[in-house]
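Where a number appears in this text, it was derived from the coordinates with a stated rule and is not lab data. Note that the coordinates shown come from a computational prediction; the quantities given were computed from them, not determined experimentally. For neighbour counting, all protein chains shown are included, and Cβ atoms are generated from backbone atoms with ideal geometry for every residue, glycine included.
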Amino acid sequence: MEAKKETRQFKTEVQQLMSIIINSLYSHREIFLRELISNASDAIDKLRFKAQTQSDILGTDTEFKIRIVPNKKKRTLEISDNGIGMTYDEVVENIGTIAKSGTAGFLEAATALNKPDMLTPELIGQFGVGFYSAFIVANRVSLITKAAGSDTATKWESTGDGSYTVEETEKETRGTTVILSLKKTEKDEQDFTDEWTIRNIIKKHSDFVAYPILMDVEKTEPVLDKDGKPDGNKTIKVVREETLNSMKAIWTKDKKEVSDEEYNEFYRHIAHDWNEPLTHLHVKLEGTTEYSALLYIPSRPPLDLFHGEGKHGIQLYSKRVFIMENCKELMPPYLAFIKGVVDAPDLNLNVSREILQQDALVKNIRKNLVKKILTLLEELDKDKYEQFFKEFGSIFKAGLSMDYDNRGKIADLLRYKTTKSNGAFSSLKDYVNRMQTDQEAIYYITGENLSALLNSPHLERLKDKDYEVLLMTDPMDEWVLRDLHEYEEKTFKSAEKGDLDFETIDDKRKDEYHALFDFIKTSLDDKVKEVKPSTHLKDSVACLSGDPNDMSAYMEKVLRATGQETPQVKRVLELNMDHPLLAKIKAIYERDKDSSVLKDYSDLLFDMAVISGGGKLDNPSRFSKTIGDLMARGLAGSPF
């Protein structure tokens, strides 16, 4: 009987769709190989499923595999599998999936929106759009397939020019072989018959496909003598079959089946980091939302983490097939240091699998993963968590601004050194538990130097009251305070801005110093907004403070360091009326209000306040000269 053969024409809208696929859909030409391997893997999956109810369908061919055969001379590339295969009618139906009704309407909408990359997943068949990606690199595509349990095979062939042929043919084994007659490559383009090009593509996109991807590779091996030892320097070229993919998709395994070494080895593979990870999260969720995830917290931040070009570390897979790297949709920026893999079989992808659409499933996966990561951090032991916070605390704090739903959990995870922690980190919860019974606020001070903060004159009265103070040395802490107004119903209060409410100043003494303070204010009018008695100082003579709503001195310094224009904020000069130096200056003022030394003392008090607060003097040489002159007068017996 004569074999059946027919030539068919693509419908007009399908030709348009083909044009989009070939010219617009894929940003990287190499994607075609991923798609064809994915189809081969799907075909094997379908056969294995069918074999559960039809055990004899496998016959003697029970070793599932995908084979790649490049031919440089003929400029062809074959991808074959021993999966379920297709009948004649299934070839017409499956490859014709994109020609089903609705395609024309879709094309009209896509043209109107000018978004051809928004093709819907419903257009993908077993050999749908993914199969047609082969025309990106091929002048002619041939498909030879034989369904499991069938006696006849089918050949499909097209040059992508508007028509295709389907005919009956012969094939010894079940499964499908796709043969690509490759286009001529330009000088700088990838050669898809090159061994290392194929290796690299499979390593990148299909390394964790569940079935071995095999290719014959030519090797040079030593010639062996009759005893099986190398015969001198003689070599011979041989062809060996190699498996190109690792198949080690450990995220699909039960966590009890994976050793610590396997976890660490996989981390090195995906993160390119030879340091061991700090910890990992391995979850598998089934039900309405189905996904597997293996996520790692590194022990050290990558070099590009704090730069604009820094990449997210989540790789997205679907059924073990690589979809995209640096998947920002699955992890918020404040957790951008997380490395790992998320495998979700039901993601709403566009047909090229390259663009993840924002939908409810993606948001749900992200929400679940973020909660699990925060829980993982909560459960770390003290030493490991402190290591994490030292390395990643600065970026992690940004979550207070970005993630309102988890703000409480993030606040619980903040750590600070304090005036009572002896150099160790303390949580806000532990700070609150240690608060004095009469203490109403959480006190803090910001600056760039821990030692300077610890010895700041602003803390003298607080220390005297035995109140603990948070020492904030990270620029991000200024934004933390902006967003976190209270913790466990305790408000945050700056130790350097505003008055300390627990300290009252005797009005009679204020009146005694009122005239002197007005004089000093007039002398320093271009530098300070006010001169007043201090509620902060106990031992020091002077400090600079801000009004409650003023920008902190540290924030001002941070913004200037980043090149931002900031207006000069005048500070309040606070003076300690209990200090003997101030009493001496007051005595001079009362004796001779026109004394030239009073201006020197005023400048000196301001400069001392600047230095004690960790600031820099505008004119250090003048300060040095003033100190020298005053010391000389004192040694000469002049009144101090």
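Points worth noting:
- Placed amide H near THR279: partners under 5 Å, 5+ positions off or other chain: ILE297
- The simple Förster model, with R0 at 56 Å and r as the Cβ-Cβ distance, assigns ALA561 and THR243 a FRET efficiency of 0.55.
- Over 22 Å apart at the Cα level, from the set LYS5/LYS74; LYS497/LYS557; LYS204/LYS328, are LYS5/LYS74.
- Listed peptides 377-387, 139-149 by packing density, highest first (mean Cβ within 10 Å): 139-149, 377-387
- Ranked from largest, the principal axis spans of the Cα set of the range 502-640 equal 49, 38, 25 Å.
- A full extension of the chain between THR7 and LYS465 corresponds to an added length of 155.5 nm, given 0.36 nm per residue minus the alpha carbon distance.
- HIS514-ASN549 pseudo-label distance in nm [points 7 Å out on the Cα-to-Cβ vector]: 2.7
- Estimated distance in nm for a label pair at GLU530 and ASP438, the labels positioned 7 Å out from Cα along Cα-to-Cβ: 2.4
- Against the chain, whose longest principal axis is taken from its Cα atoms, helix 620-635 shows a tilt of about 30°.
- A Förster radius of 25 Å, combined with the Cβ-Cβ distance separating LYS72 from ASN233, puts the computed FRET efficiency at roughly 0.30.
- Efficiency of FRET from Cβ geometry, SER163 and THR185, R₀ 30 Å, rounded to 0.05: 0.70
- Sequence ranges 332-341, 460-469, ranked by mean other-Cβ count within 10 angstrom, highest first: 332-341, 460-469
- In order through the range 147-161: 3J(HN,Hα) via Karplus (6.51 cos²θ - 1.76 cosθ + 1.60), integer Hz, x for Gly, Pro: 5, 4, x, 9, 9, 10, 10, 10, 10, 10, 8, 7, 9, x, 9
- Neighbour-limited loop hits for GluC sites (Glu not before Pro), the range 543-640 (at most 12 other Cβ within 10 Å; DSSP other than H, G, I, E, B): GLU565
- Full extension of the segment from ASP346 to SER427, taken as 0.36 nm per residue of separation minus the current Cα-Cα distance, would add 25.1 nm.
- Coupling constants for the range 213-220 follow from the phi torsions by the Karplus curve (6.51 cos²θ - 1.76 cosθ + 1.60, θ = phi - 60°), and in residue order they are 9, 9, 8, 6, 10, 7, 10, 9 Hz; glycine and proline get x.
- Annotation for the range 248-306: GluC sites (Glu not before Pro) lying in DSSP loop with at most 10 further Cβ atoms inside 10 Å of their Cβ are GLU286.
- Qualifying trypsin sites (Lys or Arg not before Pro) in the range 187-279, where qualification requires a DSSP coil assignment and no more than 11 other C-beta atoms within 10 Å, comprise LYS187, LYS226.
- Largest-first principal axis extents, alpha carbons of the chain, Å: 130, 72, 51
- Vicinal HN-Hα couplings computed from phi for the range 513-525 (Karplus, 6.51 cos²θ - 1.76 cosθ + 1.60; Hz; Gly/Pro x): 9, 4, 5, 4, 5, 5, 4, 5, 4, 5, 5, 10, 4
- Using a simple spin-label model with pseudo-atoms 7 Å out from Cα toward Cβ, PHE492 and ILE505 lie 2.7 nm apart.
- For the chain, the relative contact order is 8 percent, taking Cα pairs closer than 8 Å that sit 6 or more residues apart in sequence and dividing their mean separation by the residue count.
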